[in-house]
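The values are calculated or read from the model by the stated rules, or taken from the named source; none is laboratory data. Being a predicted model, the structure only gives us computed values, none of them experimental. Glycine gets a Cβ as well: all are built from the backbone with ideal geometry, and neighbour counts include every protein chain shown. Only protein heavy atoms, including side chains, enter the accessible area calculation; ligands, DNA and RNA are left aside. Shrake-Rupley method; radii C 1.70, N 1.55, O 1.52, S 1.80 Å.
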There are 2 protein chains.
Amino acid sequence: MKHIIQTIAIASVALIAAGRADAATPSRPNIVVILADDLGYGDLACYGHPSIRTPNLDRMAADGMRFTDFYVAAEVCTPSRAALMTGRLPIRSGMCGDKRRVLFPNSTGGLPATELTIARMLKECGYATGCVGKWHLGHHPQFLPTSHGFDSYFGIPYSNDMDRDTSVGPKGRAAFWAPKSEYWKPPFMRDAVVLERGPDQTQLTPRYTAEALKFIRAHKAKPFFLYFAHNFPHVPLFASEKFHGKSRRGLYGDVVEELDWSVGQVLDTLRAEGLAENTLVFFTSDNGPWLTFETHGGSAGPLRDGKGSTWEGGMREPGIAWWPGRIKPGVINHELASSLDLLPTFAALAGATLPRNLLLDGVDMSPLLFGTGPGKRDTMFYYRGTQLFAVRKGSFKAHFITRSGYDKEPPAPHDPPLLFDLGSDPGERFDVAKDHPGVLADIAKEVERHRATVTPVPSQLEEAVKQN
Amino acid sequence: MKHIIQTIAIASVALIAAGRADAATPSRPNIVVILADDLGYGDLACYGHPSIRTPNLDRMAADGMRFTDFYVAAEVCTPSRAALMTGRLPIRSGMCGDKRRVLFPNSTGGLPATELTIARMLKECGYATGCVGKWHLGHHPQFLPTSHGFDSYFGIPYSNDMDRDTSVGPKGRAAFWAPKSEYWKPPFMRDAVVLERGPDQTQLTPRYTAEALKFIRAHKAKPFFLYFAHNFPHVPLFASEKFHGKSRRGLYGDVVEELDWSVGQVLDTLRAEGLAENTLVFFTSDNGPWLTFETHGGSAGPLRDGKGSTWEGGMREPGIAWWPGRIKPGVINHELASSLDLLPTFAALAGATLPRNLLLDGVDMSPLLFGTGPGKRDTMFYYRGTQLFAVRKGSFKAHFITRSGYDKEPPAPHDPPLLFDLGSDPGERFDVAKDHPGVLADIAKEVERHRATVTPVPSQLEEAVKQN
């Protein structure tokens, strides 16, 4: 596929922020999204992990709502994050690719300015907007958080395993097993300025956390949106001294336990600042565990496969919502929900009126959060790059193509599709296509309806600066 | 192996019940053990199941202590139950076998009278003792609960799939997929009397529950021990009308959700009767999920394999302890613990002095329950029948022989043994034997010490009435 690099311009989206003048009224909640990187469905104690301790996330779930069927919109990083930030499938924004599946340091593309981000939407509503951590939606100036509605940015603009300095350390994967931070030299930025190359990754989570807390404390006067996207537990794994070597789950556990500490810091700060009852916090991850990294990759618990796959383990994630006084404590929610739903949900909470021409794949999940009604989502599309691999409707999931996240396994097309009942068979072991011909026909119609809404756009991921 | 059926006589165990006269003092807690049958490690919401709702067990865990590393002593029913009831490995009591691995209706053996049961120990201390549900430690008169220290018994004395009436219903496994209760004709007993043959299994859980509540209400005046052992979710699966067809997890989920309801009834009754703060309740299962029954079998969550196997999925189980006011709420305990430890723990709580000549494999787990000290257990032996297949010491587990619970897979001996670090690799995927020669040597010494304590005894399981 040939691509044309789009001329990027700040698009004139007709965004109407209803009640923009009274942005500071207490009815507009603060919103915090905490995103982990490559954390698996089964990696938190409250999702059944036997040896990782996550008391803060467990408490967040106990005081809030824990989703069992929360999905991201892609099985790898860049497209998943694009979907979260726009409420749209990556196929619509061009933030997916089949050869290059995420953005790399030599990529030239990024999230088009024509896309409406959560940050821009909320900024228009009078929110202070801060991005801390991993971005991965384009590292050239026009794609950075500060070009997409964030007042500020602090972090590594892509993955922490990028910009490997091959002049130091062992070759290949060996570098990951006893990683030293100097093996990797990614940029560390404040706003659009590179502060350092190759930051000390053992300090990454504490630094991000300090910045997040600073942001919260600095913006008590008006509503704020904090997008706190950790680089971990993506490999290479690093934990600070306080956590290194402390978990039963090895280095991976150390790193997750430090993330858990960080979540606790955020919630404690919200409480201490008297903001808890006016703040919605949502925790999730960008995709499933990177299983090829063995014990340095996470666990999808009872789900099949992991990162890079459209089996459940690749795209079903922990999802925890917390808002004391508004979200009933201790609820386990089994409804279908997605990171695609965050933008429309936040729009409803902030009173933003969305552009009429905006084609969203997300739905407002407020009824689920506040127990005011049934969920509006009954379908989930599982893309791998630009290809639709699977569709879930209700409890059933049809696979048209399957492919393991283990890179070497080739894709397998299925005609007729495989069909699993995820309720009775969450591990996708027993094909029930023969027993439910009506379901497959119904899903085929969904696919037809869906495809009619998809217009081809150039991939932002495939184009790269040529390297010698 | 040839066996001699032992002459059964009530053994004169020198049981000294310290303070027997003041048995009714409030310092002696009531004790309730609730045992599920073939429930997997991953089958409860609080252990991460995505589609089964278990609000009562989740609440029990939130108000009590949830163990992540709780083991039973065998991978199938009869030996596991014998171990729980005696605090001794089945190899010592003869309650295991290599050809016949559980007791069947034509078996002639059972738990020898020389074995001290929890019930007899507590009865000697002045407890009222009741057994409700599945026994499976011998159905001939001398082996029944009422011959082993229980004042009363109410239930099916073995598995609910036994005594298949082949004159009705489909042949073979087909009978399990849409089971009707009349396909099976096991005895239903009160004390030593058979009340019915082929009880309506859809009513089993409600009947057992009603009996358990009646027992609790009838014995408020003195301390009681209730052993409440469900027949479910062992196949064939049956739920009462209130639960049938109600779960997202199909019939298996219906059955587990009814068990969860039953647990809620017990805890609610203890609260309503003012007994909660003087009652220890412990919930677990006898072995892992029966995976060969596909969606009618449960899930071991992130653990490997299931029932019939000494991989973790076969023997690591949910373990939840509850005692309001004594056990700190919401604790997740990662220490090694076992059903073998219940007898010595209850002995400590009831003030029973155990016979000096009693060789126990269990240790008092009170320090874990009450947070008064470290656990006393650092080793776990995994037997399959009479053979030692694996040993866990600390975080490491060595496998000398592995065998899947899927019947058709042959056993695989390992020399050198496989070694897994269960902390960093709970799914037993990565053999680390080469990296830890010292650990294997250490475990070899444990095995040597252990074997020196084991004296061969006749198997109670192999001998059967000849059938034409």
Tally, over the stretch A:119-139, of residues that are open to solvent by less than 10 Å² (accessible area, probe 1.4 Å), within 25 Å of A:VAL465 (Cβ to Cβ) and either in contact with a Pro (Cβ under 6 Å, 6 or more places away or on another chain) or modelled with pLDDT under 95 (or both):
2
Can you tell me which residues in the stretch B:240-274 are open to solvent by 20 Å² or more (accessible area, probe 1.4 Å) and touching a strand residue (DSSP E or B) at 6+ places or on another chain (Cβ under 7 Å)?
B:ARG248
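Of all residues in the stretch A:309-325, how many are away from every other protein chain (no Cβ under 13 Å), open to solvent by less than 20 Å² (accessible area, probe 1.4 Å) and either among the hydrophobic types (A, V, I, L, M, F, W, C) or in contact with a helix residue (DSSP H, G or I) (Cβ under 6 Å, 6 or more places away or on another chain) (or both)? Give the steps one after another, and end with the answer.
Applying the first criterion (away from every other protein chain (no Cβ under 13 Å)) to the stretch A:309-325 yields A:309-311, A:314-315, A:320-325.
Next, only the ones that are open to solvent by less than 20 Å² (accessible area, probe 1.4 Å) stay: A:309-311, A:314-315, A:320-323.
Filter once more, so that each one left must be either among the hydrophobic types (A, V, I, L, M, F, W, C) or in contact with a helix residue (DSSP H, G or I) (Cβ under 6 Å, 6 or more places away or on another chain) (or both): A:311, A:315, A:320-323.
Residues in the stretch A:309-325 being away from every other protein chain (no Cβ under 13 Å), open to solvent by less than 20 Å² (accessible area, probe 1.4 Å) and either among the hydrophobic types (A, V, I, L, M, F, W, C) or in contact with a helix residue (DSSP H, G or I) (Cβ under 6 Å, 6 or more places away or on another chain) (or both): 6 in total.
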Taking the stretch B:416-442 on its own, how many of its residues are farther than 22 Å from B:GLY314 by Cα and of a type outside the set (Gly, Ala, Ser)?
8
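Answer yes or no: is there a residue in the stretch B:200-207 that is closer than 19 Å to B:PHE282 by Cα, in contact with a helix residue (DSSP H, G or I) (Cβ under 7 Å, 6 or more places away or on another chain) and assigned to a helix (DSSP H, G or I).
Taking the stretch B:200-207 first, the residues closer than 19 Å to B:PHE282 by Cα are B:205.
Those left that are additionally in contact with a helix residue (DSSP H, G or I) (Cβ under 7 Å, 6 or more places away or on another chain): B:205.
When the remaining residues are screened for being assigned to a helix (DSSP H, G or I), the result is B:205.
Scanning the stretch B:200-207, I find at least one residue that is closer than 19 Å to B:PHE282 by Cα, in contact with a helix residue (DSSP H, G or I) (Cβ under 7 Å, 6 or more places away or on another chain) and assigned to a helix (DSSP H, G or I), so the answer is yes.
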Residue by residue through the stretch A:284-318, note down the ones that are part of a strand (DSSP E or B) and either under 24 Å from A:ARG429 (Cα atoms) or outside the structural domain of A:LEU360 (by TED's automatic domain parsing) (or both).
A:ARG316, A:GLU317, A:PRO318
Verdict on B:ASP431 being part of a loop (DSSP other than H, G, I, E, B) and not assigned by TED's automatic domain parsing to the domain that holds B:ARG304:
yes
Meets criteria (surrounded by 24 or more Cβ atoms within 10 Å (Cβ to Cβ), among the hydrophobic types (A, V, I, L, M, F, W, C), away from every other protein chain (no Cβ under 14 Å) and in contact with a helix residue (DSSP H, G or I) (Cβ under 6 Å, 6 or more places away or on another chain)) for A:LEU303
no
Number of the condition not met by B:VAL168 [criteria: (1) free of Cβ contacts under 8 Å to residues at least 60 places away in the same chain; (2) among the β-branched types (Val, Ile, Thr); (3) open to solvent by less than 40 Å² (accessible area, probe 1.4 Å)]
(3)
Considering only the stretch B:41-61, I want to know if a residue exists there that is farther than 20 Å from B:VAL256 by Cβ, hydroxyl-bearing (Ser, Thr, Tyr), modelled with pLDDT of 95 or more and open to solvent by less than 10 Å² (accessible area, probe 1.4 Å).
no
Could you grab me the full set of residues in the stretch A:208-239 that are open to solvent by less than 10 Å² (accessible area, probe 1.4 Å), outside any loop (DSSP other than H, G, I, E, B) and of a type outside the set (A, V, I, L, M)?
A:TYR208, A:THR209, A:PHE224, A:PHE225, A:TYR227, A:PHE228
All but one of (1) over 26 Å from A:VAL465 (Cβ atoms); (2) of a type outside the set (Asp, Glu); (3) assigned to a helix (DSSP H, G or I) hold for A:GLN142; which doesn't?
(1)
Selection count where residues are surrounded by fewer than 24 Cβ atoms within 10 Å (Cβ to Cβ) and not in a loop (DSSP other than H, G, I, E, B), scope the stretch B:86-118
3
Identify all residues within the stretch B:244-279 that are more than 14 Å from chain A (Cβ to nearest Cβ), without any contact (Cβ under 8 Å) to a residue 24 or more places away in the chain and under 18 Å from B:LEU44 (Cα atoms); write none if there are none.
none
In the stretch A:402-451, anything open to solvent by less than 30 Å² (accessible area, probe 1.4 Å), touching a residue at least 12 places away in the same chain (Cβ under 8 Å) and charged (D, E, K, R) is listed as A:GLU428, A:GLU446
Could you tell me which residue of the stretch B:330-374 is nearest to B:PHE225 (Cα to Cα), considering only residues that are open to solvent by 10 Å² or more (accessible area, probe 1.4 Å) and of a type in the set (D, E, K, R)?
B:ASP364
State which residue is nearest to the other protein chains (Cβ to nearest Cβ) when the search covers only the stretch B:41-65 and only residues that are part of a helix (DSSP H, G or I) and closer than 16 Å to B:ARG316 by Cα.
B:TYR47
